[in-house]
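Enquirer: Take a look at this one; I'll ask things after.
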Amino acid sequence: MEYEYLSVKHDGDTVRITMNRPERRNALSEPHLRELLDAFEAAGRSDATGIVLAGEGRAFSAGHDFADVSSRDLAGVRDLLRLCTRVMITIEQVPQVVIAKVATIATAAGCQLVATCDLAVAAESASFALPGGKGGWFCHTPAVPVARTIGRKRLMEMTLTGDAIDARTAAEWGLVNYAVPDDELDARTDELLARATRGTRFGKGVGKQTLYAQLDRPEADAYAIAVEVMASMSQSPGAREGMASFLEKRKPVWPD
């Protein structure tokens, strides 16, 4: 598929999805969201082991496109938010490791994208905000994944004040994994991706999806899910090879 708002590049085992609507600060209109959904679904079906999400220009993403939102009635806005939610859920469901590479500012639903990705690396000049709290449209849906990464008090500060936090603060709070010098962003993102994609594709994909299935559940429910999946996966070719190579003191030969 040819994209109007994205650039998609297959780079070895990595799919690099770059939001490429810099004149609108990569604002998430319906067409933009549909392209993101298609790109992630296509990447999820591929043999790639990792996906890097980035944004071209002065903003990673400025969030929802108000020109699109303001033209809709209640049902239309609800449909738009459901589409956005579907994009976020797809990012979690694809078997690949997804890393957000954040060079600039990520606000509202743009910050939601960062929080939703499995991992995130930010340039030191980047910043993050949920600005609805100082405007008229509170960041209800962007707060959902942010709440699950930074904790209640920090979430309240971001949402109620609407103030931006810098990349180092975002790293301290757990919104991103690392804040790095601007000129090291590409290298550090690829280095983290390389570490996160070691092992078998199948095992890593099931592992990621199981983590999301048990997160935020009561401990007993989480263990019930994890025990069954871990027991089942012990019989997979990748797990068998991993254990055999350890016992035989040799390098593993992964089946996938």
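Results for (1) among the small types (Gly, Ala, Ser); (2) part of a helix (DSSP H, G or I), shown as yes or no for each residue.
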| position | (1), (2) |
| --- | --- |
| Val77 | no, yes |
| Ile89 | no, yes |
| Ala100 | yes, no |
| Gly110 | yes, yes |
| Ala115 | yes, yes |
| Ala120 | yes, no |
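Enquirer: Can you tell me which residue in region 61-94 is most open to solvent (accessible area, probe 1.4 Å), limited to those that are farther than 15 Å from Leu28 by Cα and among the hydrophobic types (A, V, I, L, M, F, W, C)?
Expert: Leu74
Yes/no per residue for (1) modelled with pLDDT of 95 or more; (2) part of a loop (DSSP other than H, G, I, E, B); (3) open to solvent by 30 Å² or more (accessible area, probe 1.4 Å):
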site: Met1; (1), (2), (3): no, yes, yes
site: Arg16; (1), (2), (3): yes, no, yes
site: Ala42; (1), (2), (3): yes, no, yes
site: Val52; (1), (2), (3): yes, no, no
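Enquirer: I'd like the full set of residues that are surrounded by fewer than 12 Cβ atoms within 10 Å (Cβ to Cβ) and part of a loop (DSSP other than H, G, I, E, B), limited to region 220-256.
Expert: Across region 220-256, the qualifying residues are Ser234, Gln235, Glu248, Lys249, Arg250, Lys251, Val253.
Enquirer: Taking the criterion of being touching a helix residue (DSSP H, G or I) at 6+ places or on another chain (Cβ under 6 Å) and farther than 21 Å from Leu175 by Cβ, would at least one residue in region 109-131 satisfy it?
Expert: No, that holds for no residue.
Enquirer: Out of curiosity, is Arg201 open to solvent by 60 Å² or more (accessible area, probe 1.4 Å), touching a residue at least 60 places away in the same chain (Cβ under 8 Å), under 18 Å from Val97 (Cβ atoms) and touching a Gly at 6+ places or on another chain (Cβ under 9 Å)?
Expert: yes
Enquirer: At pLDDT 90 or above, among the charged types (D, E, K, R) and in a helix (DSSP H, G or I): does that describe Lys208?
Expert: Yes, satisfied.
Enquirer: Quick one: in region 18-34, which of the residues that are touching a Phe, Trp or Tyr at 6+ places or on another chain (Cβ under 8 Å) and open to solvent by 60 Å² or more (accessible area, probe 1.4 Å) is farthest from Cys117 (Cα to Cα)?
Expert: Pro31
Enquirer: For a quick check of your reading: which helices (runs of 4 or more DSSP H) sit entirely within region 130-190 and have at least 2 residues that are at pLDDT 95 or above, open to solvent by 30 Å² or more (accessible area, probe 1.4 Å) and out of contact with any Gly (no Cβ under 6 Å at 6 or more places or on another chain)?
Expert: Output list reads 152-161, 167-173.
The values are calculated or read from the model by the stated rules, or taken from the named source; none is laboratory data. Remember, predicted model here, so these are calculated numbers, not experimental data. Heads up, the Cβs are rebuilt from the backbone with ideal geometry, glycines too, and the neighbour counts pull from every protein chain shown. Accessible surface is based on the protein model in full, side chains and every heavy atom, while ligands, DNA and RNA are left aside. Shrake-Rupley method; radii C 1.70, N 1.55, O 1.52, S 1.80 Å.
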